[in-house]
Amino acid sequence: MKLLTEEIRKLILPLYSTEEVEEKVAVVKFFDPYSSWTWYVIEGEEQENGDYLFFGLVHGFEREYGYFALNELESIDFMGAPRIERDLYFSPTPVSKL
């Protein structure tokens, strides 16, 4: 499954565009089915090197805002198979509801 489609790119706001927005909205959810790690995308944009940099809420060891790159998510594998998946049933959700 492709983590980032053209349709999804259109939903993602540019980096830093929600700095002054009180109620941020996550538009995409990535998760690791073999752990409790989850990444909720709020903003993102393509970088000069062709990678895609996201800003969002990360549930890992802690719950925190941070930056993460598409190539980082795609590089995580389990016995050679991609490990990170996109939640196909996730719809844009205010971060306060996550």
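Listed here are the residues, each with its yes/no results for (1) under 10 Å from the mean Cα position of the chain (by Cα); (2) over 22 Å from Tyr16 (Cβ atoms); (3) crowded, with 16+ Cβ neighbours inside 10 Å; (4) of a type in the set (D, E, K, R).
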position: Ile42; (1), (2), (3), (4): yes, no, yes, no
position: Glu48; (1), (2), (3), (4): no, no, no, yes
position: Asp51; (1), (2), (3), (4): no, no, no, yes
position: Val58; (1), (2), (3), (4): yes, no, yes, no
position: Glu62; (1), (2), (3), (4): no, yes, no, yes
position: Phe68; (1), (2), (3), (4): yes, no, yes, no
position: Asp87; (1), (2), (3), (4): no, yes, no, yes
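Please work out if Ile76 is surrounded by 15 or more Cβ atoms within 10 Å (Cβ to Cβ) and either among the hydroxyl-bearing types (Ser, Thr, Tyr) or touching a Lys or Arg at 6+ places or on another chain (Cβ under 9 Å) (or both). Answer is no for this residue.
Restricting the first member to segment 81-95 and to residues that are touching a residue at least 12 places away in the same chain (Cβ under 8 Å) and farther than 15 Å from His59 by Cα, and the second to residues that are aromatic (Phe, Trp, Tyr) and assigned to a loop (DSSP other than H, G, I, E, B), the beta-carbon pairs closer than 9 Å and six or more apart or on different chains are Arg83/Tyr34.
Across segment 1-27, the number of residues qualifying as of a type in the set (A, V, I, L, M) and part of a loop (DSSP other than H, G, I, E, B) comes to 7. Scanning segment 43-52 for residues being closer than 25 Å to Ala81 by Cα and not in a strand (DSSP E or B) gives a total of 3.
Among residues of segment 49-68 that are over 17 Å from Trp37 (Cβ atoms), those with a Cβ under 9 angstrom from a residue that is surrounded by 13 or more Cβ atoms within 10 Å (Cβ to Cβ) and among the β-branched types (Val, Ile, Thr), sequence gap 6+ or separate chain, pair up as Tyr52/Ile12. Candidates Phe30, Phe55, Phe90, Phe68: the one that is at pLDDT 95 or above, assigned to a loop (DSSP other than H, G, I, E, B) and in contact with a strand residue (DSSP E or B) (Cβ under 8 Å, 6 or more places away or on another chain) is Phe90. Tyr40 falls short on exactly one of the conditions (1) part of a loop (DSSP other than H, G, I, E, B); (2) among the hydroxyl-bearing types (Ser, Thr, Tyr); (3) modelled with pLDDT of 95 or more, and that condition is (1).
The values are calculated or read from the model by the stated rules, or taken from the named source; none is laboratory data. Since we're looking at a predicted model, the values are computed, not measured. Quick reminder, even Gly has a Cβ in these numbers, built from the backbone with ideal geometry, and neighbours come from all protein chains shown.
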